[in-house]
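Report on the structure given below.
The values are calculated or read from the model by the stated rules, or taken from the named source; none is laboratory data. Being a predicted model, the structure only gives us computed values, none of them experimental. Using ideal geometry, Cβ is built from the backbone for each residue, glycine included, and neighbour counts are taken over all protein chains shown. Note: areas computed on protein heavy atoms with side chains; ligands, DNA, RNA excluded. Shrake-Rupley method; radii C 1.70, N 1.55, O 1.52, S 1.80 Å.
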Amino acid sequence: MGKNINSDEIVLLFDYYSTDSRDLQESFRKAGYDCPVVVIEEDGFLPDGVLSVFGYFLGSFENGTHIPGRPRYFNQIEVPEYWEISGTNTSGRVHDLGRERGRIFYAEPKHKRLVRVVDWLDDRGVVRSSDHYNRYGALYARTIFNARGQKVNRTYFSAAGREIIMENYVTGDVILNEGEQVLLFHTKTEFVIYFLKKTGYDRKRLFFNSLSTPFFVSQRLDRTKKQDILFWQEPVRDEIPGNMRIILDGSQTRTGRIMVQKGHAYRRLRKLGASPEIVQKLGFVYSFQRENQGRPEALICTNSDHIEHCSKLAEALPQLHFHIAALTEMSSRLLSMERYENVTLYPCVKRSVLDKLFDGCDFYFDINHEAEIVSAVRRAFLHNQLIVAFQGTIHSQDYVAEEHIYDAEAVDRMIGDVEQCIREPELLQRHLRMQRDAALTETTEAYRRF
């Protein structure tokens with residue numbers, strides 16, 4: 001690390017506002033830095049204080065006329081008369097008699113059924129266009145596909161419905177209607193650089209988390225100093241990514257360091273021979289919301305009745321109370337778990353109840369098959385719950401120590417380890433520290449020197 005940095009010196013530049021992007025922003029915020037956060041791709045539901053490159057040119061939707069002013073519920077999209085809209089807690093559908101005409105995709109959290117994208121299908125079931133809605137319920141973009149379902153272009157609209165930007169996925173061009181001017185950019189990189197110069201952010205250091213457009217932007221800006229930093233948040237496979245090698249070789253780039261934010265990726269890069277002077281590890285800064293105390297309780301979140309060794313765990317750990325929550329109704333198979341005195345079920349769980357469960361439980365069992373709901377593993381981690389999982393059920397390994405992941409055949413060892421943590425509170429705290437170390441949790445001090 002170097003000297004203390006100033007918020008005015010840097011801008012965080014992301015391709016998308018992912019969970020890792022949000023965590024990086026929060027880590028800087030907790031370290032005392034209120035730096036600008038720029039996301040290249042607009043998704044319609046960016047939080048306040050996060051600026052998108054595309055959204056910047058569209059203007060405000062907050063007080064637009066003929067705009068709902070709030071996200072659209074799944075059954076509020078406009079369809080021809082007699083077409084039917086249906087929905088579950090994960091997605092929606094549009095049908096014309098027996099033929100599927102549209103697919104509705106929700107914003108997170110999905111169980112609220114707020115519309116993010118609607119795909120429209122042709123008679124062969126191929127997607128031909130997508131309507132993109134934002135948190136004000138406005139149609140802010142439309143993507144067009146060819147007959148093979150490949151993206152051709154996307155048009156972005158202002159609150160008044162005026163076409164502002166057209167991105168051509170075939171040629172790579174971006175056309176911007178700005179006032180009376182029509183500006184042509186031959187690449188998305190050129191478009192982003194125009195935005196940075198217009199906002200004055202081109203004079204700042206770029207802290208970015210992608211080797212695609214943000215990296216290309218860094219390469220194109222003034223290279224007199226190696227001042228930019230790549231925060232690597234992705235896995236590393238059999239070899240070092242090509243663009244990363246450019247940074248490691250020190251050639252044609254002003255990016256001088258790579259801060260790896262995942263333990264497994266850091267270990268892999270070091271094994272592949274990445275320079276320790278350039279490649280360093282730096283996790284996220286987390287605030288853990290509770291101290292583990294009182295009667296031991298465990299949480300399982302699932303929308304499936306396929307929970308690995310559920311009955312055996314309930315029988316073998318009678319001193320541990322299991323809370324099993326689902327956003328949907330529960331099957332008779334899962335409802336039969338109520339025969340155990342130490343099991344409580346929560347079908348169609350309310351958000352307020354779920355919040356209390358995350359606040360109150362000591363363990364999280366990531367043992368449900370099929371999809372994860374409510375980002376449960378991450379939430380359990382942030383609530384200082386000890387997370388245990390099976391190899392075949394784990395949903396988010398970034399937050400789980402390897403020592404807490406078991407083969408399904410080793411369920412007795414899982415039971416024994418949990419039992420021991422219940423008997424010895426100091427051991428439980430030691431395992432929680434092991435979990436935090438595996439996730440590369442970091443102090444705020446580490447973010448104050450770059």
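Quick notes
- Per-residue Karplus couplings for the stretch 255-272, computed as 6.51 cos²θ - 1.76 cosθ + 1.60 with θ equal to phi - 60°, are listed in order as 7, x, 9, 10, 9, 8, 9, 10, x, 5, 5, 5, 4, 5, 5, 5, 5, 7 Hz, Gly and Pro entered as x.
- Filtered trypsin sites (Lys or Arg not before Pro), the stretch 211-263: DSSP coil and at most 16 other beta carbons within 10 Å: R223, K225, K226, R237
- Cross-link pairs beyond the 31 Å C-alpha cut-off, checked among K188/K226; K188/K271; K112/K151; K151/K281; K151/K226; K30/K225: K188/K271; K151/K281; K151/K226
- Of the beta bridges in the chain, as assigned by DSSP with both residues counted there, near 55 percent are antiparallel.
- Shown here for the stretch 51-100: GluC sites (Glu not before Pro) in loop regions (DSSP other than H, G, I, E, B) with at most 14 other Cβ atoms within 10 Å, namely E62, E78, E81.
- The stretch 318-331 - phi-based ³J(HN,Hα) in whole Hz, Karplus 6.51/-1.76/1.60, Gly and Pro as x: x, 6, 10, 8, 9, 10, 10, 10, 9, 7, 10, 5, 9, 6
- Full-stretch length increase - R103, L184 - with 0.36 nm per residue and alpha-carbon distance subtracted: 25.9 nm
- Surface analysis of the chain yields an accessible area of 48 Å² per residue, using protein heavy atoms and a 1.4 Å probe.
- The residues packed around Q233, meaning those with a beta-carbon under 14 Å from its beta-carbon, carry a net charge of -2 if Lys and Arg are +1 and Asp and Glu are -1.
- In a fully extended conformation the segment linking L272 and V353 would gain 24.5 nm over its present Cα-Cα distance, using 0.36 nm per residue.
- For R205, distant residues with modelled amide H under 5 Å away: I10, V11
- Rule-of-thumb Rg ratio for the stretch 82-145 [Cα; 2.2 N^0.38 Å; N residues]: 1.10
- Inter-label distance, R237 to E9: 3.7 nm, where each label sits 7 Å from its Cα along the C-beta direction.
- Taking the chain and dividing mean pair separation by its residue count, relative contact order in percent (alpha carbons under 8 Å, at least six apart): 12
- Cα centroid separation, the stretch 365-427 to the stretch 208-271 (Å): 32
- Restricting the stretch 371-444 to GluC sites (Glu not before Pro) in coil, as DSSP defines it, with at most 13 other Cβ within 10 Å: none
- Whole-Hz Karplus values for the stretch 104-113 come out as 10, 10, 9, 7, 6, x, 5, 5, 7, 6 Hz, taken residue by residue from phi with 6.51 cos²θ - 1.76 cosθ + 1.60 and θ = phi - 60°; glycine and proline positions read x.
- Calculated [θ] (222 nm, deg cm²/dmol) that DSSP helices of n ≥ 4 give over the chain, each run adding -39,500 (n - 2.57): -7000 deg cm²/dmol
- If R0 is taken as 45 Å, the Cβ-Cβ distance between A316 and E445 corresponds to a FRET efficiency of 0.55.
- Across all Cα atoms of the stretch 118-173, the radius of gyration (one decimal) and Dmax (whole number) stand at 12.0, 33 Å.
- Extension gain, D222-T90: 0.36 nm per intervening residue step, less the Cα-Cα distance, totals 43.0 nm.
- A cut-off of 5 Å between modelled amide H atoms, ignoring neighbours fewer than 5 places along the same chain, links Q227 with G256.
- Each Cα pair under 8 Å and six or more residues apart adds its sequence gap; the mean of these over the residue count of the stretch 256-336 is a relative contact order of 27 percent.
- Per-selection Kirkwood Rh - the chain (Cα, Å, 1 d.p.): 24.6
- With q set to 0.18, 0.20, 0.21 Å⁻¹, the log10 of I(q)/I(0) for the stretch 158-224, from the Debye formula over equal scatterers at the Cα positions, is -0.77, -0.90, -0.96.
- Unit Cα scatterers, Debye sum, the stretch 266-321: log10 I(q)/I(0) for q = 0.18, 0.31 Å⁻¹: -0.78, -1.23
- The stretch 2-109: relative contact order in percent, alpha carbon pairs under 8 Å with at least 6 residues between: 15
- Here r is the Cβ-Cβ distance between A408 and E81 and R0 is 35 Å; the resulting FRET efficiency, rounded to 0.05, is 0.10.
- Residue with peak Gaussian network fluctuation, the chain [Cα springs, cutoff 10 Å], from D15, D222, D366: D222
- Within the accessible area of the stretch 1-111 (1.4 Å probe), percent carbon and sulfur: 45
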